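Asks: Once you've had a glance at the structure underneath, I'll fire off some questions.
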């Protein structure tokens, strides 16, 4: 539709929209506040006077709309409303951040500056760049959380007015919204905004699906209202008898969440049974809202039979978003299961508006709402620049969307963790140092593995060692972003230490072999051993993966040009798969299969062309041996459902960090503390872990076997030599069975 308004009509419309903005502010505005907002409005109108939106409308409509969302939907005050009006001024006009500070003060200037930084990030780049942009955006949380809240409002209005944009831009912006902004709004407790962002995201990414579901929801509205009226009629007497003032209304599930449920459960629209919930919003009749909520619960269950397994008490223990309510599922009229949500008016506002609604109830002290605690948890992750940006976003989103469990510390404090968190996640939630020194955990008084998945109500006690010994295997079972970040950092630090030691060892050995030590020789050696960098070389020397025999082989080939030529030719013609691995990764160089992590011959399937680092599985074919497919391969579902017995677990590894099991047979004179001394020697050897220990004594002598995990033969030889030095040990050797 062509835009045709005259200048006079536009000016009237701008004035009308400005009045609407002031009318609907969530917080009371003083005369000073109104003056600040007016000044910001006047400057924004003047600054954007020559600009138009894609639809042809004056650009100023956009800042006013964003300010209105900030005031109505998020419930922020005058500073945020003024900043929202000015959010594009520095980006799109000659005004600078210095001008903002001079005219409106430091706070508004800081917020506008944060918003400008986000806008200036290149939005036409690939997903890894988008991920990096997201990290930078979240870093602004530390300056002022209002930057993010205004940015979410800005994104919402852009999504509401995308019809004039070309289709490819609509899809890109909508995808980014679903990937980043909707989860963020969800985590900040902005339920209404999150729902609208998701629905609009679906409207542009899957327009046909969106239109179909919307049509069906509209068709069923009348029938739904009849059902709600029938439900309310049954409850009226009971609620009025207790003198409750209340409102009973229906809440239809969002289009996006109906679509998600249809896809997840593979059902049609008609088969999604909980498309709407009934909400009872009450005015408290006593001083205790919790007491009133349970009283209403008791009235509802007097009339309708509840499903006890579907009771959710978010009042005794609110969600970390600040959400409070009682949820019960009952058999309603027509024998249908229906979810009933019981909330006070205060709870309802907080659920709809998010953290900002706490301003109204906490006299402006938003810190009490729990937002600060969440931001503090995020701080370390955000500032860790070493984490790959895409991994960071995926970890962050995991924590955004995860359901929560609540576990108890030994002192009886309650800790909130994502559902599926392990005992090790709990250790890291206490303190980084506790996590890195964690050696075991007791859950409900019983010793459990660190990988034990926790459940709500568990009492957890962490057992620590005196030294920090993080393990690369920990990354397989921790799920919180904090734990993953800290483990990765600690492993990198450990690698640096091993590499430094390796460099010193290599320098010493090369000098002994009369070879000049310089960067060129290190690069030559890295190339000879098919490594990417000299750091990889030092690391492998340090952990014993490259030993004296390998070094002598290098020196021999260096001194023999003929051999050197052939070796270099051989190095240049690796197998097809090796060349793929060489080309696409510097992290993984081998695949292992099954529970025992065995190395087997395999080929990479052509239907999905997996590359190192992809999530993969092995499939045993009849004629072509073991083939490796990506987990999201088009043929994966068919293979897994029809030939599950031929599927093998497969994992990409860095072979320098692979562990091997070895069994040591030890015997000698039985002395007090001998077992302690042996386990101490093993535990203090870097990257060696005890799997099983079986030692028995008889009349002054002992004999036993210890199963351990080591990284290579050199490491094993050093360990055996150290064990032989323990007083009382007479024999220590490697054997084949326990």
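Asks: Looking only at segment 143-193, filter to residues that are modelled with pLDDT of 80 or more and outside any helix (DSSP H, G or I); which one of those is nearest to residue 56 (Cα to Cα)?
Replies: Looking at residues that are modelled with pLDDT of 80 or more and outside any helix (DSSP H, G or I), I get 164.
Asks: Here's something else I'd like to know. Picking from 637, 622, 611, which residue would you name as being at pLDDT below 85, surrounded by fewer than 17 Cβ atoms within 10 Å (Cβ to Cβ) and not in a loop (DSSP other than H, G, I, E, B)? Write out each step before concluding.
Replies: Values: 622 fails: not in a loop (DSSP other than H, G, I, E, B); 611 fails: not in a loop (DSSP other than H, G, I, E, B).
Matching residue, one of 637, 622, 611: 637.
Asks: Could you tell me whether segment 60-79 includes any residue that is farther than 27 Å from residue 106 by Cβ and touching a residue at least 24 places away in the same chain (Cβ under 8 Å)?
Replies: First, pick out the residues of segment 60-79 that are farther than 27 Å from residue 106 by Cβ: 61.
Still in the list and also touching a residue at least 24 places away in the same chain (Cβ under 8 Å): 61.
Within segment 60-79, one or more residues are farther than 27 Å from residue 106 by Cβ and touching a residue at least 24 places away in the same chain (Cβ under 8 Å).
Asks: Moving on. Among the numbered criteria (1) touching a helix residue (DSSP H, G or I) at 6+ places or on another chain (Cβ under 7 Å); (2) at pLDDT 85 or above, which one does residue 628 miss?
Replies: (1)
Asks: Follow-up. With a cut-off of at least 1 residues that are exposed (fewer than 15 other Cβ atoms within 10 Å of the Cβ), name the helices (runs of 4 or more DSSP H) lying wholly within segment 16-88.
Replies: Values: elements: 31-47, 61-69, 78-85.
Result: 31-47.
Asks: Which residues, counting only those in segment 583-608, are more than 16 Å from residue 645 (Cα to Cα) and at pLDDT 80 or above?
Replies: Quick first cut of segment 583-608, residues more than 16 Å from residue 645 (Cα to Cα) only: 583-592, 596-608.
Residues satisfying the conditions are 591, 592, 600, 601, 602, 603, 604, 605, 606, 607, 608.
Asks: Residues being in contact (Cβ under 8 Å) with a residue 40 or more places away in the chain and either over 16 Å from residue 250 (Cα atoms) or not in a helix (DSSP H, G or I) (or both): count how many of those fall in segment 204-221.
Replies: If we filter segment 204-221 for residues that are in contact (Cβ under 8 Å) with a residue 40 or more places away in the chain, which is where we start, we get 204, 206, 209-210, 212-214, 216-217, 220.
Among the residues that remain, those that are also either over 16 Å from residue 250 (Cα atoms) or not in a helix (DSSP H, G or I) (or both) are: 204, 206, 209-210, 212-214, 216.
Residues that pass the stated criteria total 8.
Asks: Let me ask you something else. Collect the residues in segment 333-345 that are under 19 Å from residue 282 (Cβ atoms) and either crowded, with 17+ Cβ neighbours inside 10 Å or modelled with pLDDT under 85 (or both), keeping them in residue-number order. Explain how you work it out, then say what you get.
Replies: Here is the first cut: in segment 333-345, the ones under 19 Å from residue 282 (Cβ atoms) are 338-345.
Those that are under 19 Å from residue 282 (Cβ atoms) and either crowded, with 17+ Cβ neighbours inside 10 Å or modelled with pLDDT under 85 (or both): 338, 339, 340, 341, 342, 343, 344.
Asks: Still on this structure, I have one more. Would you check which residues across segment 609-619 are touching a strand residue (DSSP E or B) at 6+ places or on another chain (Cβ under 6 Å) and touching a residue at least 24 places away in the same chain (Cβ under 8 Å) and list them? Steps first, please.
Replies: Here is the first cut: in segment 609-619, the ones touching a strand residue (DSSP E or B) at 6+ places or on another chain (Cβ under 6 Å) are 610, 612-614, 616-619.
Of everything in segment 609-619, those that are touching a strand residue (DSSP E or B) at 6+ places or on another chain (Cβ under 6 Å) and touching a residue at least 24 places away in the same chain (Cβ under 8 Å) turn out to be 612, 613, 614, 616, 617, 618, 619.
Asks: Then there's this: Only one residue in 733, 727 is surrounded by fewer than 13 Cβ atoms within 10 Å (Cβ to Cβ), farther than 28 Å from residue 437 by Cβ and out of contact with any strand residue (DSSP E or B) (no Cβ under 6 Å at 6 or more places or on another chain), so which one is that?
Replies: Numbers: 733 fails: out of contact with any strand residue (DSSP E or B) (no Cβ under 6 Å at 6 or more places or on another chain).
Sole residue among the options that is surrounded by fewer than 13 Cβ atoms within 10 Å (Cβ to Cβ), farther than 28 Å from residue 437 by Cβ and out of contact with any strand residue (DSSP E or B) (no Cβ under 6 Å at 6 or more places or on another chain): 727.
Asks: On to the next question. I'd like to know if segment 507-525 contains one or more residues that are without any contact (Cβ under 8 Å) to a residue 60 or more places away in the chain and over 30 Å from residue 553 (Cβ atoms).
Replies: First, pick out the residues of segment 507-525 that are without any contact (Cβ under 8 Å) to a residue 60 or more places away in the chain: 507-525.
From what is left, the residues that are over 30 Å from residue 553 (Cβ atoms) are none.
No, every residue in segment 507-525 fails to be without any contact (Cβ under 8 Å) to a residue 60 or more places away in the chain and over 30 Å from residue 553 (Cβ atoms).
Asks: Against the conditions (1) within 30 Å of residue 207 (Cα to Cα); (2) part of a strand (DSSP E or B); (3) within 28 Å of the chain's Cα centre (by Cα), where does residue 249 fall short? Just the number, please.
Replies: Going through (1) within 30 Å of residue 207 (Cα to Cα); (2) part of a strand (DSSP E or B); (3) within 28 Å of the chain's Cα centre (by Cα) one by one, residue 249 breaks only (3).
Asks: OK, next. Could you list, in sequence order, all residues of segment 426-437 that are surrounded by fewer than 24 Cβ atoms within 10 Å (Cβ to Cβ) and either in a helix (DSSP H, G or I) or touching a strand residue (DSSP E or B) at 6+ places or on another chain (Cβ under 6 Å) (or both)? Full working, then the answer.
Replies: Filtering segment 426-437 down to residues surrounded by fewer than 24 Cβ atoms within 10 Å (Cβ to Cβ) leaves 429-434, 436-437.
Passing the criteria: 429, 430, 432, 433, 434, 436, 437.
Asks: Taking the conditions exactly as written (surrounded by fewer than 19 Cβ atoms within 10 Å (Cβ to Cβ), assigned by TED's automatic domain parsing to the domain that holds residue 541, closer than 30 Å to residue 551 by Cβ and touching a helix residue (DSSP H, G or I) at 6+ places or on another chain (Cβ under 7 Å)), does residue 496 satisfy them or not?
Replies: Numbers: surrounded by fewer than 19 Cβ atoms within 10 Å (Cβ to Cβ): yes; assigned by TED's automatic domain parsing to the domain that holds residue 541: yes; closer than 30 Å to residue 551 by Cβ: yes; touching a helix residue (DSSP H, G or I) at 6+ places or on another chain (Cβ under 7 Å): no.
No, not satisfied.
Asks: Take the residues of segment 540-555 that are part of a helix (DSSP H, G or I) and touching a residue at least 40 places away in the same chain (Cβ under 8 Å): which is farthest from residue 492 (Cα to Cα)?
Replies: Of all residues in segment 540-555, those part of a helix (DSSP H, G or I) come to 540-542, 548-555.
Pick out the ones that are also touching a residue at least 40 places away in the same chain (Cβ under 8 Å) and you get 540, 542, 551, 555.
Numbers: 540: 14, 542: 14, 551: 25, 555: 30 Å.
This residue is 555.
Asks: Within segment 454-461, is even one residue at pLDDT 85 or above, touching a helix residue (DSSP H, G or I) at 6+ places or on another chain (Cβ under 9 Å), within 30 Å of residue 316 (Cα to Cα) and not in a strand (DSSP E or B)?
Replies: yes
The values are calculated or read from the model by the stated rules, or taken from the named source; none is laboratory data. Predicted model, so just to flag it, every value in this text is computed and none were measured. Neighbour counts run over all protein chains shown; Cβ positions are idealised from the backbone, glycine included.
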